[in-house]
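Reviewing the structure listed below.
Every number in this text was worked out from the coordinates using simple rules, so none of it is lab data. Being a predicted model, the structure only gives us computed values, none of them experimental. Counting neighbours? That spans all protein chains shown, and the Cβs are built from the backbone with ideal geometry, glycine included.
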There are 2 protein chains.
Amino acid sequence: MDLHEVIGLIAAVLTTASFLPQVFKTYKTKDTSGLSLTMYIVFFIGVVLCSIYGVYLHSLSIILANSITAILALYLIFMKIKYK
Amino acid sequence: MDLHEVIGLIAAVLTTASFLPQVFKTYKTKDTSGLSLTMYIVFFIGVVLCSIYGVYLHSLSIILANSITAILALYLIFMKIKYK
């Protein structure tokens with residue numbers, strides 16, 4: 001694997017994994033007052049489109065990374081609506 | 001431009017633009033209690049690596065989208081540290 005593919009892979013893992021601490025924090029504290037619902041809705045649509053883009057590119061890593069991020073974003077949308 | 005490139009472009013614009021409402025909200029309310037610092041630090045490193053990946057791919061849109069997102073994430077890190 002080329003160096004730039006390794007960098008791309010690490011980047012994808014980090015951006016996807018970064019939503020986990022937010023999900024854990026929101027799950028534990030139910031504190032959603034500072035979260036922007038608009039951000040997560042727009043972001044969710046964006047990553048769903050990214051997943052569709054991945055289908056066109058036949059890239060399993062793009063599909064996987066973005067689908068996981070979409071699920072995490074959807075959870076935060078749900079929490080924001082429930083605990084606003 | 002192919003349909004899948006249009007989808008990819010819209011996806012990139014949406015995921016980048018999604019951080020703007022969060023930045024505006026945080027700027028206006030200074031309410032960072034629900035924000036996860038870990039999320040934004042890991043996310044920041046991820047999008048910086050994405051930008052570097054874009055340099056390798058000679059993709060101006062990847063570089064631009066991720067650099068803008070990195071700046072927005074950095075602002076949220078700064079606000080979280082200042083108003084925690």
* Number of positions in region B:20-30 that are surrounded by fewer than 19 Cβ atoms within 10 Å (Cβ to Cβ) and touching a residue at least 24 places away in the same chain (Cβ under 8 Å) -> 4
* All but one of (1) closer than 30 Å to B:Tyr27 by Cα; (2) at the interface with chain B (Cβ under 8 Å from one of its Cβ atoms); (3) surrounded by fewer than 17 Cβ atoms within 10 Å (Cβ to Cβ) hold for A:Ile81, so report the exception by its number. => (2)
* Identify the single condition in (1) more than 7 Å from chain A (Cβ to nearest Cβ); (2) touching a Leu at 6+ places or on another chain (Cβ under 8 Å); (3) closer than 20 Å to A:Ile45 by Cβ that B:Phe19 does not satisfy, given that it satisfies every other one. => (1)
* Structure fact -> Flagged in region B:11-48 as closer than 21 Å to A:Gly8 by Cβ and over 12 Å from the mean Cα position of the chain (by Cα), in numbering order, are B:Ala11
* Test B:Phe78 against the criterion of being assigned to a helix (DSSP H, G or I) and either within 18 Å of A:Ile62 (Cα to Cα) or touching a residue at least 60 places away in the same chain (Cβ under 8 Å) (or both), and give yes or no. => no
* To do: Go through region B:38-52 and give me each residue that's under 20 Å from A:Met1 (Cβ atoms), at the interface with chain A (Cβ under 7 Å from one of its Cβ atoms) and either in contact (Cβ under 8 Å) with a residue 12 or more places away in the chain or not in a helix (DSSP H, G or I) (or both).
  => B:Cys50
* Asked: Which residues, taken from region A:33-52, are under 16 Å from A:Tyr83 (Cβ atoms), touching a Leu at 6+ places or on another chain (Cβ under 8 Å) and not aliphatic (A, V, I, L, M)?
  -> A:Gly34, A:Tyr40
